[in-house]
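Below is one structure, written out as structure tokens; the observations come after it.
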Amino acid sequence: MTRTGLYPGAFDPIHNGHVDLIRRALRLVDRLVIGVAVNSGKEPMFTLEERVEILGEETAGLAADGAIVVLPYEGLTLGAARKVGATIILRGLRAVADFDFEFQMTAMNQQLDREIETVFLMADPRHQALASRLVKEIAQLGGNVSPFVPASVNRRLLEKVGRG
Ligand code: ADP
């Protein structure tokens, strides 16, 4: 049996915390679908196409061909999970910041579909404070974000903020 997991997010842009989570998730599932939210509720810095392209580039070497699929999705995460045949939804959990929101969301999802489990992976201590929002803010304010993101993302960020 092939176990498929869905890792949903905005990935605007992908940072080292996401990459770490993807590596670890691959130990739990045979096939990992990275769901890129079309409507993340925020005005993204990177277009959907750019986010999908970056994710494809950054995950290409992490697993055998076909084990990672990058897929844009719209609407309910549960709907996307069903569509791709995922039995688990993977989420990262940073310190206390994520807990409230994730707790509520998972409780609601449990009511909607008991067949799909949400599994949380604790953020690595090195990446606990890492968030796309902060990476973008630091880059926009002229700071160096190269310790937090893959090299190609750093280059793209510099271009976006006019320092490329
Ligand atoms: P961010 O919160 O950085 O903008 P997303 O909204 O794209 O990222 O988050 C997608 C998923 O990745 C969520 O489950 C989130 O908890 C997880 N995640 C975000 N940052 C980290 C991190 N530093 N370490 C582990 N998981 C993370």
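Derivation of every value follows stated rules applied to the coordinates shown; laboratory data play no part. In this text, all values refer to a predicted model and were calculated from it rather than measured experimentally. Note that we place each Cβ from the backbone using ideal geometry, even for glycine, and neighbour counts take in every protein chain shown.
Across the stretch 4-128, the relative contact order, built from alpha-carbon pairs under 8 Å that are at least six residues apart, equals 31 percent. Taking GluC sites (Glu not before Pro) across the stretch 60-147, the ones in a DSSP loop with at most 16 further Cβ atoms lying within 10 angstrom of their Cβ are Glu74, Glu115. The aspartates and glutamates whose alpha-carbon is closer than 19 Å to the alpha-carbon of Lys160, local same-chain residues fewer than 8 away aside, are Asp12, Glu43, Glu49, Glu50, Glu53, Glu57, Glu58, Glu137. Direction-averaged projected area, Cα convex hull, the stretch 4-128: 7.3 nm², rounded to one decimal.
The Cβ shell under 12 Å around Leu121 holds other residues with a net charge of +1, Lys and Arg each +1, Asp and Glu each -1. Other residues within the sphere of radius under 14 Å centred on the Cβ of Leu141, judged by their own Cβ, net out at +3 (K and R +1, D and E -1).
For the stretch 5-22, the Karplus equation 6.51 cos²θ - 1.76 cosθ + 1.60, evaluated at θ = phi - 60°, returns couplings of x, 10, 10, x, x, 8, 6, 10, x, 5, 10, 5, x, 5, 4, 4, 5, 5 Hz by residue, with Gly and Pro reported as x. Each Lys and Arg Cβ is given +1 and each Asp and Glu Cβ -1; about its Cα centre, the stretch 11-118 then shows a dipole of about 360 debye. Whole-Hz Karplus values for the stretch 78-84 come out as 4, x, 5, 4, 4, 4, 8 Hz, taken residue by residue from phi with 6.51 cos²θ - 1.76 cosθ + 1.60 and θ = phi - 60°; glycine and proline positions read x. Only one residue of Tyr7, Gly143, Leu121 has its Cα farthest out toward the positive end of the dipole of the stretch 1-156, where Lys and Arg carry +1 and Asp and Glu -1 on Cβ, and that residue is Leu121.
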